[in-house]
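Accompanying notes for the structure given below.
Here, each number is a calculation from the coordinates, and none is a lab measurement. These numbers come from a predicted model, not from an experiment. We place every Cβ from the backbone using ideal geometry, glycine too, and count neighbours over all the protein chains shown.
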Amino acid sequence: MPGANIVYVVGAIGVAVFASTPAFAVDVREMTCAEIGAFAQEVAQQKAEGRPLNDMVRRLRRSFERKDADTEHELERIVRAIYRVPIFSTASPEEVGSAYQTACEHG
């Protein structure tokens, strides 16, 4: 049953999100949960297309130009988790985004 597999994957990702970034919903005050989910989905898409972790971190840091170090730090934690947590390697970018949005909403 394909639907059951999707529920399992999203649930497993949710657990990984909670374990890897326990306070990100509180720490990224400038972003809504939907924006966090969209950010995570974009990062996962870039990863799927072969963009290296260091390029993603460098790009993120350039976009903030020291404006908001706290937000930049929390978004960098999300980027690093997506690249390093094994479950994210088996999930689609949409599933990653959905898991982050759900984790944020319930965080």
Quiz prompt | In sequence order, calculated HN-Hα J values of the stretch 43-48 (Karplus, 6.51, -1.76, 1.60; Hz; x Gly/Pro) | solution = 4, 5, 5, 4, 4, 4
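Ranking request for peptides 96-102, 54-60, 30-36: highest mean number of other beta-carbon atoms within 10 Å first, then the rest in descending order.
Values: 96-102: 24.3, 54-60: 13.4, 30-36: 15.1.
Descending packing order for the listed peptides: 96-102, 30-36, 54-60.
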Practice problem: Under 1.5 on a/c is rounded, so check that first for the stretch 33-107, then, if it is not, pick prolate when a/b is larger than b/c and oblate when it is not; a ≥ b ≥ c are the square roots of the alpha carbon gyration tensor eigenvalues. | Solution: oblate
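Rounded to the nearest 0.05, what FRET efficiency do Ser89 and Asp55 have when you use their Cβ-Cβ distance and R0 = 25 Å? Please report the intermediate quantities before stating the final value.
Values: r = 18 Å, r/R0 = 0.70.
Result of the calculation: an efficiency of 0.90.
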